[in-house]
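Undergrad: After the structure tokens below, expect a handful of questions from me.
Just so it is clear, none of the values below were taken in a lab; they were calculated from the coordinates. The model shown is predicted, which means the values in this text are computed figures rather than measured ones. Backbone-built Cβ (ideal geometry, glycine too); neighbour counts: all protein chains shown.
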């Protein structure tokens, strides 16, 4: 399950900004999130609430990528889960990020220091199972190998769960979300490193 989204080419935006903005507004409703297609740590991501902030967000994303993703914004909780494996895939307990700002932007991640990380996420067992199942399906769908952190959006109003992204190279220190969720699942940081080395050697032999 994905939220409605649209792809915009940087060249099209720069040549025909009014036409592109009109196409976006016809397909999606405000608020929207504007993202460079290939970045990390929320760099270049903005929230648009009207035509002016849409234009500013497209300009910002165009600084980082020629392909720009625009997604429907919702009032959501951010649920994350760690995935580990090659052909046989396992998923950790889910965690939840509670940002210090309106949404989890670069400042909230790295500069504010007040965002909360809840592990395990305060969700019921049925939903946690659904998150695990969908994360593994997403990992297999992209032919993932080794590791990924799969992020979901949980609509606060409807309870609907949406796949946000599969991050195939997540932050990986002992205090990063990926490692913390595995630690809460019974796999220590050193054990996690050992397992990833095993998986890399296994895949290299194929």
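Undergrad: Using alpha-carbon pairs under 8 Å, 6+ residues apart, how would you state the relative contact order of segment 5-72 in percent?
TA: 45 percent
Undergrad: List 3, 118 from most exposed to least, where exposure is judged by having the fewest other Cβ atoms within 10 Å.
TA: 118, 3
Undergrad: If you don't mind, another one. If you fit an axis through the alpha-carbon atoms of helix 189-204 and take the longest principal axis of the Cα set of the chain, what angle between them do you get, 0 to 90°, nearest 10?
TA: Roughly 80 degrees between the two axes.
Undergrad: With everything on Cα atoms, drop me the angle between helix 17-27 and the longest principal axis of the chain, reported from 0 to 90° to the nearest 10.
TA: Between the helix axis and the principal axis of the chain, the angle is about 60 degrees.
Undergrad: Rounded, prolate or oblate: which one fits the chain, using the alpha carbon gyration tensor with axes a ≥ b ≥ c (rounded when a/c is under 1.5, else prolate when a/b beats b/c, else oblate)?
TA: prolate
Undergrad: Specify whether the C-alpha gyration tensor of segment 5-72 places it in the rounded, prolate or oblate class, a ≥ b ≥ c being the square roots of the eigenvalues: rounded for a/c under 1.5, otherwise prolate if a/b is larger than b/c and oblate if not.
TA: It is oblate, given that a/c is not under 1.5 and a/b is not larger than b/c.
Undergrad: Further question: Taking the 0 to 90 degree range and rounding to the nearest ten, how far is the long axis of helix 125-141 tilted relative to the main principal axis of the chain, both from C-alpha atoms?
TA: Tilt relative to the chain: about 80 degrees.
Undergrad: Here's another thing I want to ask about it. Would you calculate the separation in nanometres between label points at residue 75 and residue 114, each defined as 7 Å from the Cα along the Cα-to-beta-carbon direction?
TA: 2.1 nm
Undergrad: From Cα pairs below 8 angstrom and at least 6 apart in sequence, can you work out the relative contact order of the chain, rounded to a whole percent?
TA: Reported relative contact order: 19 percent.
Undergrad: Let me ask you something else. Given the -39500 (n - 2.57) contribution per DSSP H run of 4+ residues, what per-residue ellipticity at 222 nm results for the chain, rounded to the nearest 500 deg cm²/dmol?
TA: -10500 deg cm²/dmol
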